[in-house]
Each structure stands twice: as C-alpha cells, then as structure tokens.
Amino acid sequence: MSHLRFIKKIIPGIIFGFLLTSCFKDVDFGQAENIALEPDLEVDLLFYQLNETDFLDSETGQFTPVIRDTVRLEFLDDDYIQDGLMYAALRFRHENRFPYEIKSNIRFLRENNRNQFNVAYIIPAGSETSSSVVDTTHVLQGNDIVDIRRSIKMVIELEVKGANESLEGELDFMSKGLFRFEF
C-alpha cells in the first residue's frame, strides 16, 4: 500500500511538470513585432444613373454636353490607412443607353486639386434596347500606390459626343475599390 500512495503522489507531480515545460518551450515573444496582418477592404465609391435632364444646366435650362461631379474619399484621409495601404484595385463600370458615344475621364486629386492620376476611356453608343457596357479595373501597387494615398477627391467628367437638346437615354455608373493593407 505504501507504493500505491507514493505513485499517487508522484504521477500528478510529473504530469504537472510536463504541462509547465512543454506548453511554452518554443514560444518566442520577441517575434510578436514580425506578425503582419493583411486585411482587404472593399468600398463602394460612387453609383449614379443619369438621364437627359442631367445634361441641362441648372441655372439656364440649356443643354450642356459636359457634366462633372466631385466625391470626397474621406476614408483615405487617415494616417493608419495611409501607412498600411499596399494595393488598390479600382473598378469602374458604365452602362450606356444613350445613342451617343460618351467620353469618361475619372481624375483623382489631392486636397489642393492637384491631379494624382486619371482613368479615361470612351463609352460606345448604346440604345434603349441594347446598352453598351464598359467595365474596367485600374490597379495601383508598388510605387504607384503613392498616387492613391495622396488622393482625397474623385472627379467624374462625362462628355456626350455629337448630342444636342433632343438627347434621350440613360447612363448607369458603378465604382468600387478593393484596398489591401498591411499592418
């Protein structure tokens, strides 16, 4: 019986000793600074649907072939975002049901309105029954990522080629950004 009591006392001690030494043996807490998180953030930038009334001057009511809109990208104005941004993919999609070609120029500007970069393309003419679709992606990474880091405004400029006051149709626009960070 004395052997049995001795074993009952020694075995829990041995098990407890193994637990203390084996759980933390290979952990190096000095490497915690080397851990890098790479989260992705998908953001809707701007959506709209235009028709012929959007090409009328708000003050005079006269037809104008060129319209502009500016959107602030406030989420980019953050030191945490600025330091961690490593990659951006910007997607722009136009669906044209106007019977005219439309020139699209999307500019990204600094706070002082200095141009950082442009994405320009022609949207082919469409019709009420058959829309014309342009779906493009602009990727910024490496040295080019500085351009989006410095941007705070996105300016959309559309010019309808050859149209007049009898313009009829619609234009849909969708834009998204996929931003990858490393922290």
>> Let's test this: bin the Cα-Cα distances of the stretch 37-181 at 10 Å from zero up to the farthest pair and state each bin's percent.
In response: 11, 39, 29, 16, 5, 0
>> Placing unit charges on C-beta atoms (Lys and Arg positive, Asp and Glu negative, everything else neutral), compute the dipole magnitude of the stretch 37-181 about its Cα centre in debye, rounded to 20.
In response: 500 debye
> Taking other Cβ within 10 Å of each residue's Cβ, how do SER58, SER151 sort, fewest first?
Replying inline: SER58, SER151
> Tell me, what is the FRET efficiency for THR60 and LYS161 to the nearest 0.05, using R0 = 22 angstrom and their Cβ-Cβ distance as r?
Replying inline: 0.55
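Given contacts defined as C-alpha pairs under 8 Å and at least six residues apart, what's the relative contact order of the stretch 31-183, whole-number percent? Could you put the intermediate results ahead of the total?
On the way: 347 pairs, mean separation 66.0, N = 153.
With pairs under 8 Å counted, the relative contact order is 43 percent.
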> Which residues' amide hydrogens lie under 5 Å from the amide hydrogen of ILE152, considering only partners 5 or more residues apart or on another chain, with H built in the peptide plane?
Replying inline: LEU109, ARG110, GLU111
>> So the label point goes 7 Å from the Cα of LEU46 along Cα→C-beta, right? Which residues of the stretch 94-131 then have their backbone N under 12 Å from it?
In response: 104-109, 119
> Cβ under 10 Å from PRO99's Cβ, PRO99 left aside: what net charge do those residues give with Lys, Arg +1 and Asp, Glu -1?
Replying inline: -2
> Amide H to amide H, which residues 5 or more places from PHE117 or on other chains are under 5 Å from it, using H placed in the peptide plane?
Replying inline: PHE108
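Per 0.36 nm of contour for each residue apart, how much would the distance between ASP78 and GLU111 grow if the chain were fully extended, relative to their Cα-Cα spacing? Walk me through the numbers on the way to the answer.
Details: separation 33, 0.36 × 33 = 11.88 nm, distance 1.34 nm.
That pair, ASP78 and GLU111, stretches by 10.5 nm at full extension.
In the neighborhood of GLY126, defined by Cβ-to-Cβ distances under 11 Å, what is the net charge if each Lys or Arg adds +1 and each Asp or Glu adds -1? Before the final figure, lay out each step's value.
On the way: positive: ARG97; negative: GLU95, GLU101, GLU128, GLU170, ASP172.
Around GLY126, the charge tally is -4.
Every number here is computed from the coordinates shown, using simple stated rules; none is lab data. Worth saying up front: this structure is predicted, and the values here are computed from it rather than measured. Quick reminder, even Gly has a Cβ in these numbers, built from the backbone with ideal geometry, and neighbours come from all protein chains shown.
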